[in-house]
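Below is one structure, written out as structure tokens; comments come after it.
The values are calculated or read from the model by the stated rules, or taken from the named source; none is laboratory data. Since we're looking at a predicted model, the values are computed, not measured. As a convention, Cβ positions derive from the backbone with ideal geometry for all residues, glycine included, and neighbour counts pool all protein chains shown. Just so you know, the surface numbers come from the protein's heavy atoms only, side chains and all, with ligands and any DNA or RNA stripped out. Shrake-Rupley method; radii C 1.70, N 1.55, O 1.52, S 1.80 Å.
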Amino acid sequence: MSVIAPQFKLSEFIKSLLDNAFWILFLMVLVGLPALMIVLFVIELPVIDGELLTPFLAFTAIVDPTRILPVIHALMATDIFRVAVFPGFGFAALLAAGTIFAERKLLAKMQLRVGPFYCGKIEGILQLMGDGLKLISKEIIIPAKADKPLFWAAPVLFVATAAAFVSLIPVAPGWVVADIDMGLITVFAVIGFFPIITILSAWSANSKYPFIGGIRALFQMVSFEIPLILSLLGVVMLTGTLNLSEIVESQSTFPWIVFLPIGAIVFFITMLAELERIPFDLPEAESEIVAGWLTEFSGMMYGLVQLGTYLKLYAFAALFVVLFLGGWHGPMVVPPFPTEILTEGIVMGPVTAQIPGLPLFTQDMLNGTFWFVLKTVAVIFFILLPRGVFPRIRVDMLLSLGWTKLIGLCFVNIFIALGLLYAGVLGPGGLQ
Amino acid sequence: MTAELPPGLALQKVDERIMTLNVGPQHPGSGHMRLIVQIDGDYIVACDPDPGYVHRGEEKMAEYRNYILNIPHLERPVIHDSCNVLYPYVLGVEELLGIEVTERAKYVRVIASELNRCIYTMYWLAIYGIFLGHSTMFMWPAGDRELLIDLMEKMTGARVTHAHFVPGGVRNDLPANFEDVCLRQVNYFEKRIREYADIFYDNPILISRTRDTGVLSRQDAIRLGTTGSVLRASGVDYDLRKKEPYDVYDELDFHTNVLKEGDSYARSKIPWLDMLESCNIIRQALQKMPKSGSVRVKLKPNPKGKIGSVYKRVESGRGSLGCYIVSDGKPEPYRLKMSVGSFRNLIALPYLLKGEKLGNMPSVYWSLNYWPVEADR
Amino acid sequence: MMSADKDKAAEEKPAAEKPATKEAETAPPAPKNTKSEPKETETAPPAPKDTKSEPKETETAKPAPKDTKSEPKETETAKPAPKDAKPEPKETKPVAKETKPAAKTDEPELPAFEKGISDKLVEKFGDKVAVKFVKKDRVGIAASRDNVHDVAEFVRDGLGYDHVESVSGVDYPQDKEIEVVYHIGSYTDPSLARQILVLSTRAQREESPIPGNDATKLPSLRDVFYSVEFHEREVFEMLGVYFEGHPDNRRLQRTLR
Amino acid sequence: MFGFAMAAMAPALVISRMISPRKSSNPVKFLPMECGQVPTGEGRTHFMMQYYPYILMFVVFDVMAIFLYAWGSSLLYLPKSATLPMIGFLGIMFGAMSFALYQSGRRRIW
């Protein structure tokens, strides 16, 4: 019996797990299987190699594993895969998890300590998983007079908004969840949601520290929304489009950071502010207002907010890459393979080695993803860096910084773009 | 309420707009105390400090233990600065018992006292860093403190609560080869803390955050009776090591750091400058120290003090630390009162916080060099 | 007021300023935590034996007319006492313990500078102050509760001391008195930098404190030395000495529920 | 994606709710965080943060910033002469912003 949690009993914990497993099985058998039957009857199954994919055909994959490939291909063509796995949630969550780990180790190295070390044997690589398990098994406490629906909804909404932001990011040519013509405007709309969620949750908690944190989030938005919007205007002026994929396409020769460094710097600073990273982490300034708007969150609610925060971090870094660093563009890492290698693999006598991944993805896509991830990781590194270097700034300093300095720089950036356009360097008659 | 109430203590009528925040005791920016802060928007209207959460009755306990048994528990208020906390008590008991300390013991005391001052200041600086959101400045001093803690461990056998000073000298002699190790560590330590200027004291965000916040003028600093770094940051040249040299401080060559500004930045910089000066003092003391000799005068068991009272004070990490001992001729002190710098500086807090922004509250509060446990005793 | 506050529920103590206002106009709150005055309980039983011929009224009278009880002491010790001609004459009482902390008796020569300070005080106040001891860097004087304010003003204006380092209450149950000791120092005057003037005064001690109506009263020095503000609050909390004229005379710690 | 994330995250809360202990032993536990003290007053009060001029300016200039995108995205297809009025507009806005900032600096607390 531990001192820390005297009420905890392992047997009861296991019992609750078993109970849950039982009910899940029970419901699956009674509800899930009939539903699956109905789905199989109703849904139009994909046609693979001229044959309809029947359950029987699917089972033949056990005999010949290569037969599963077309099925996966078909699966990858569906929207659900894009949303849940590759350019969408799973990919972003993976990068976010990597970011959390990298942040801890990086910060630890900057501060002459070791960081997470024990969990997972190798440099504490499983620490995040441990934290997640801890958070999910903690009690969720809701303050007495809180507005419960709003309070419950806030973390979910936060993650969902971050995911919506992720869905707008083109990762590789053609690999984007939502390819919208007004992509950039949509990005602004989605960014505008975050402070609203913050304020709603802060208001619903009926507590003072979250409330002040929410108000600070509002001021953060007030001071940094306009520089954020204006700093991207230069890119839009030079490309003439708001679609993010087209913006990436336009940077096949030069990334825009070469011509618009001021805009990039302003966008980077506003990005830090929108992400509530350390020089601008006023809404959750822990030494002033306990944890700001996160004060009342406990257990998995807090975990979800953290997940949303890091998803948001990935999305912003990716947006920076898309707008200023040329997205997926980059030299081919390996020269294009001959087609027979792609189709048949490398034949070495009796052994045939398939290149992994290649039957599923095209080489362009892999290369694009590689460059995109590389650039994104670099940007994330620079986002993490100020945390070890700067103290927090104050609300009035934040406001005057946003309004007097950054907006002025944004105007400079706009005129640089105009000048480049009309001097003929860029634009229709210029380099691109 | 009359009109001439002190600023900050006159809590106004609670308006609709004014929000009363309890900052502390369970707050990452308060320490073991509670500040009742009334804010109007971003501005602090009034602040009422509420110490006493870690009151342990050290003074009362001291009345039931004899002069020697008092040593281990009297250093508890500031375990990081335990030698300095014990110092005035030991000096006072020596006067009451009429003991003269040997020369070598005096030097050992000075070295231990300065090392302890650095240890305390590093801890203080770490918390000051994290109060401003500068996490690196939390980790670096907390790590570099270990250098000196190791030294103290070699010297006394304990890492934090040393109980090293006893009436009549120090508890035990320096270990062999201590001088070389100490010199090397202190030199490295000085080089290391000079690097803090790069990430902390010269940081533009830090400067713009703490400059001109919580300005305590020279006149007010004297009037409020502040002490230590708060006083010296306001331009008053008052350091007990200079003004009332105890033990061998009058034989050492060092200077007092005084800044004129009186804002949070100056208050946070003075302890850092003092640490550099402490390194200087330690090096000198190591050089001038008699290489051999006794470090402790044999005491009678259960010694009885003369009837009378003494008030001894030393310069601790938080300013003047006085110990008022009233003796009635028994082996126990009749009354023991510690006048601590933290408690004296606390009076400036409501005065400084009034009209400040809420974001400045942690920096102003901690720049007062306030140690709640010491203030509560 | 405090006890009433304690009884109330949690939401009933919103106004941070209430204790101050009420105390300032009505009566001081009571020492409700008796832990800080254990001495009273241990030595309380002795009957109101007036060893000295003080015209002290019985202990139950709490309004405690100010002059009657502390004056006799002053007259006893009041001998101009430039050299600390030992308050021992007074200590003819059987109990030697509660002697005022007497000065060193056998010190032949007194430090000149400190002697000058005490001489100035004696010259100004005559027998209203008693010099308790003069030793190196420390001058001890005692004043009655009526004079302590004037003495403090003279110490500030005439002698150049400018701040109080410490205010300590010392309990003398056998004397039925509580001594409050001010350690006064100076920042501005370099010649006084190492000097501490120990100003002590005594108040009558109550055997059974009445909550909200402390009879142990002393004039506050806050209007003379601003820096005694928190110290006097601490003495009020620890020993129950109510300082009249202190504008914020609360216990140091807020009442906890 | 928004919906997916919602659908994916809600189970996390539900699972957490299922496996975590739930005890309502002490009503103090459900009080809002106030550093260990019982809160005084409501959490949602009329609370005026200063720096009001910035909010007023935000209301005006945020709309301006979004409108600039309509111009910026079609800049390549516009004749060059169409830029001049826009530059005039930008100049006016910039001047207005400077004036507003100057005014807000003059009165520190609104």
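Select from the stretch B:215-229 the residues that are outside any loop (DSSP other than H, G, I, E, B) and either more than 12 Å from chain C (Cβ to nearest Cβ) or open to solvent by 10 Å² or more (accessible area, probe 1.4 Å) (or both) and list them in ascending order.
B:218, B:219, B:220, B:222, B:223, B:229
Looking at residue A:169 and the list (1) in a helix (DSSP H, G or I); (2) crowded, with 19+ Cβ neighbours inside 10 Å; (3) not acidic (Asp, Glu), which single condition is not satisfied?
(1)
Taking the stretch A:223-254 only, how many residues are open to solvent by 10 Å² or more (accessible area, probe 1.4 Å), within 22 Å of the chain's Cα centre (by Cα) and away from every other protein chain (no Cβ under 13 Å)?
Of the residues in that region, 2 qualify.
For the stretch A:194-209, what are the residues that are under 18 Å from residue A:308 (Cα atoms) and facing chain D (nearest Cβ under 10 Å)?
Residue satisfying the conditions is A:202 alone.
What residue, of D:68, D:84, D:13, D:56, is at pLDDT 75 or above, facing chain A (nearest Cβ under 8 Å) and assigned to a helix (DSSP H, G or I)?
Within the list D:68, D:84, D:13, D:56, the selection yields D:68.
Of the conditions (1) open to solvent by 20 Å² or more (accessible area, probe 1.4 Å); (2) within 21 Å of residue B:278 (Cβ to Cβ); (3) part of a helix (DSSP H, G or I); (4) touching a residue at least 40 places away in the same chain (Cβ under 8 Å), residue B:95 clears all except one; give me its number.
So the condition that residue B:95 fails would be (2).
Can you tell me which residue within the stretch A:282-338, out of those that are open to solvent by 20 Å² or more (accessible area, probe 1.4 Å) and within 13 Å of the chain's Cα centre (by Cα), is farthest from residue A:141 (Cα to Cα)?
A:310
Of the residues in the stretch A:133-146, how many are at the interface with chain D (Cβ under 9 Å from one of its Cβ atoms) and open to solvent by 30 Å² or more (accessible area, probe 1.4 Å)?
Matching residues across the stretch A:133-146 total 8.
Going through the stretch A:173-196 one residue at a time, which ones are among the aliphatic types (A, V, I, L, M) and at pLDDT below 85?
A:176, A:177, A:178, A:180, A:182
Based on this model, can you work out whether residue A:123 counts as open to solvent by 30 Å² or more (accessible area, probe 1.4 Å), more than 8 Å from chain D (Cβ to nearest Cβ), among the charged types (D, E, K, R) and out of contact with any helix residue (DSSP H, G or I) (no Cβ under 6 Å at 6 or more places or on another chain)?
yes
Take residue B:2 and decide whether it is crowded, with 18+ Cβ neighbours inside 10 Å, β-branched (Val, Ile, Thr) and at pLDDT below 85.
Spelling it out, it is not the case that residue B:2 is crowded, with 18+ Cβ neighbours inside 10 Å, β-branched (Val, Ile, Thr) and at pLDDT below 85.
Quick one: is residue A:178 in contact with a helix residue (DSSP H, G or I) (Cβ under 8 Å, 6 or more places away or on another chain), under 30 Å from residue A:365 (Cβ atoms) and not in a helix (DSSP H, G or I)?
Against the criterion (in contact with a helix residue (DSSP H, G or I) (Cβ under 8 Å, 6 or more places away or on another chain), under 30 Å from residue A:365 (Cβ atoms) and not in a helix (DSSP H, G or I)), residue A:178 qualifies.
Within the stretch A:270-280, is there a residue that is more than 23 Å from residue A:387 (Cβ to Cβ), open to solvent by 10 Å² or more (accessible area, probe 1.4 Å) and in contact with a Ser or Thr (Cβ under 9 Å, 6 or more places away or on another chain)?
There is no residue in the stretch A:270-280 that is more than 23 Å from residue A:387 (Cβ to Cβ), open to solvent by 10 Å² or more (accessible area, probe 1.4 Å) and in contact with a Ser or Thr (Cβ under 9 Å, 6 or more places away or on another chain).
Go through B:68, B:119, B:36 for me and flag whichever is surrounded by 19 or more Cβ atoms within 10 Å (Cβ to Cβ) and modelled with pLDDT of 85 or more.
Just one listed residue meets the conditions, B:119.
Tell me, which residue of the stretch B:312-348 that is open to solvent by 10 Å² or more (accessible area, probe 1.4 Å) and not in a loop (DSSP other than H, G, I, E, B) is nearest to the other protein chains (Cβ to nearest Cβ)?
B:335
Kindly indicate whether residue B:78 is more than 7 Å from every other protein chain (Cβ to nearest Cβ), under 19 Å from the mean Cα position of the chain (by Cα) and touching a residue at least 40 places away in the same chain (Cβ under 8 Å).
yes
When only residues in the stretch B:359-377 that are crowded, with 24+ Cβ neighbours inside 10 Å and among the hydrophobic types (A, V, I, L, M, F, W, C) count, which is farthest from the other protein chains (Cβ to nearest Cβ)?
B:371
This table checks each residue for (1) in contact with a strand residue (DSSP E or B) (Cβ under 6 Å, 6 or more places away or on another chain); (2) open to solvent by 20 Å² or more (accessible area, probe 1.4 Å); (3) among the basic types (Lys, Arg).
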position	(1), (2), (3)
B:263	no, no, no
B:270	no, no, no
B:275	no, no, no
B:280	no, yes, no
B:287	no, yes, no
B:292	no, yes, no
B:295	yes, no, no
B:301	no, yes, no
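Any residue at all in the stretch A:264-279 that is under 11 Å from residue A:213 (Cα atoms), more than 14 Å from chain B (Cβ to nearest Cβ), out of contact with any Leu (no Cβ under 8 Å at 6 or more places or on another chain) and not acidic (Asp, Glu)?
No, the stretch A:264-279 has no match at all.
Determine whether the stretch C:187-195 contains at least one residue that is open to solvent by 20 Å² or more (accessible area, probe 1.4 Å), within 17 Å of residue C:121 (Cα to Cα), more than 8 Å from every other protein chain (Cβ to nearest Cβ) and touching a Leu at 6+ places or on another chain (Cβ under 8 Å).
no
Of the residues A:106, A:150, which is of a type outside the set (S, T, N, Q), within 25 Å of residue B:143 (Cβ to Cβ) and in contact (Cβ under 8 Å) with a residue 40 or more places away in the chain?
After applying the criteria, what remains is A:106.
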